[in-house]
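Data block below; observations after.
The values are calculated or read from the model by the stated rules, or taken from the named source; none is laboratory data. Keep in mind that what you see is a predicted model, and the values were worked out from it rather than measured. A quick note on method: Cβ atoms are made from the backbone with ideal geometry, for glycine too, and the neighbour counts reach across all protein chains shown. Only protein heavy atoms, including side chains, enter the accessible area calculation; ligands, DNA and RNA are left aside. Shrake-Rupley method; radii C 1.70, N 1.55, O 1.52, S 1.80 Å.
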Amino acid sequence: MARRLSLPAFCLCFLSFSLLNDLTLCKTLKRDVKALNEIKASLGWRVVYSWVGDDPCGDGDLPPWSGVTCTTQGDYRVVTKLEVYAVSIVGPFPTAVTNLLDLTRLDFHNNKLTGPVPPQIGRLKRLQILNLRWNKLQDVIPSEIGELKSLTHLYLSFNNFKGEIPRELASLPELRYLHLQQNRFIGRIPPELGTLQHLRHLDVGNNHLVGTIRELIRVDGCFQSLRNLYLNDNYFTGGVPAQLANLSNLEILYLSHNKMSGIIPAELARIPRLTYLFLGYNQFSGRISDAFYKHPLLKEMFIDGNAFRQGVKPIGFHKVLEVSDTDFLV
C-alpha cells in the first residue's frame, strides 16, 4: 500500500517549492542593474575581472559580484552594500553610484579616486556608512551631504578636500563618527557640530583650521557624547577653557602642534574617563595641577615643546596614537 504524505510534510514540501520558485522569479531592480553596469564600465580591470555577468546580484549559476550585497524587497532584489576598496580604482568618483537608492553602506576606501564628490550623493537617503578615506578626492564637500539623515559613520580622511567644513554636517542626527583629518580644510569648525547628540569621535587633525576651543564649545550642552577629539596639527590659538571639562565623556584630547597658549586648567582632571591628553608643541605655560597625576585612568600626558614651569613632568611614554576604522565600524 502506498504511503500517504502527512499534511505537515506536504505543507513543508509546498513551502520549500514556493520559496525556491519565488527566489528563481525574483529579479534585480533594473535601476540597480543599470547603475552597477555603468560603474563596471568606468572602473579598472581589477574590479571588472571579478564582476561576471550582467546581474550584480547574481544570475542562475553566477554568484553576486564581489563587494556587492543585495537584499530582497518584495518582488525585487536591490543593492544595499557596495564595498570595493584597496583595488586601485583610478578615475573620478562614479556618479552612477548615486542611483543605488537603497544603499546603506558605500566603501571605496584606499583607491585612487579623483575629482569631487558629486552633489547627487544627497540622494542616498538610507546610507549609514560612507567610507572614502585614502583616495585623491578634491574640491569642497557638497552641502547635499547634509541630506544623508541616516548616516552614522563618515570617513573622508586622507584626501585633498578643501574649503570650509560644511555646516550641513550638523544636520545629520545619527552621526557618530566623523573623520576629516589629512585634508586641506580651512576656516573654523562649525560649532553647530556640538549639537549632534550621538557624535562620539571627531577628527579634524592635519588641516589648515583656525579658531579657538572656546568658539567650538560655545553652544550650551554641546558634544555630550564625544569621546575622542582630535584638533592636532592645525592653527588653533587661545587657551584651553575650563568649560572643556563639561565634555564629561572625553577619553582622548589631542591638541598637539597648534599655536595655543596659557595654562592647563585643573578642571580637565575632573573628566572621569580621560585617558590620553596630548598638549605637545604649543605655547602652554605655568604648572600642571597634581590632580592630573592622580587621575586613575590617565595613561599618557604629552607635554613636550611648551613653556611649562621647570619640573613639570609628562605621564607615560609618548607614542603615535592611531585608531583603525575597524574600531568604529560596529
Problem set entry | Single match in Leu244, Leu209 (criterion: more than 23 Å from Leu148 (Cα to Cα), at pLDDT 95 or above, assigned to a helix (DSSP H, G or I) and touching a Leu at 6+ places or on another chain (Cβ under 9 Å)) | Leu244
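Would you check if Pro272 is open to solvent by less than 40 Å² (accessible area, probe 1.4 Å) and not charged (D, E, K, R)? If you could, list the steps in order and put the result at the bottom.
Details: open to solvent by less than 40 Å² (accessible area, probe 1.4 Å): no; not charged (D, E, K, R): yes.
The answer is no for Pro272.
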For this session: Using the structure shown, decide if Gln197 is modelled with pLDDT of 95 or more and open to solvent by 70 Å² or more (accessible area, probe 1.4 Å).
Result: yes
Seminar exercise, completed: Quick count over segment 52-73, residues being in a loop (DSSP other than H, G, I, E, B) and either surrounded by fewer than 17 Cβ atoms within 10 Å (Cβ to Cβ) or at pLDDT below 90 (or both), is 8
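With respect to Lys81, is the statement that it is closer than 17 Å to Thr152 by Cα and surrounded by fewer than 15 Cβ atoms within 10 Å (Cβ to Cβ) true? Before the answer, list the steps.
Details: closer than 17 Å to Thr152 by Cα: yes; surrounded by fewer than 15 Cβ atoms within 10 Å (Cβ to Cβ): no.
Judged against the criteria, Lys81 is not a match.
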Exercise. Exactly one of (1) open to solvent by 70 Å² or more (accessible area, probe 1.4 Å); (2) closer than 22 Å to Leu169 by Cβ; (3) hydroxyl-bearing (Ser, Thr, Tyr) is unmet by Tyr49. Its number?
Worked result: (2)
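Of all residues in segment 74-126 being of a type in the set (Gly, Ala, Ser) and more than 20 Å from the chain's Cα centre (by Cα), which is modelled with the lowest pLDDT? Steps first, answer last, please.
Step one: list which residues in segment 74-126 are of a type in the set (Gly, Ala, Ser), which gives 74, 86, 88, 91, 96, 115, 122.
Within this subset, residues satisfying the condition of being more than 20 Å from the chain's Cα centre (by Cα) are 74, 88, 91, 96.
Details: Gly74: 91, Ser88: 86, Gly91: 92, Ala96: 97.
Step by step, filter segment 74-126, then rank; the result is Ser88.
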Exercise. If you go through segment 92-100 one residue at a time, do you hit one that is surrounded by 20 or more Cβ atoms within 10 Å (Cβ to Cβ), polar (S, T, N, Q) and outside any strand (DSSP E or B)?
Worked result: yes
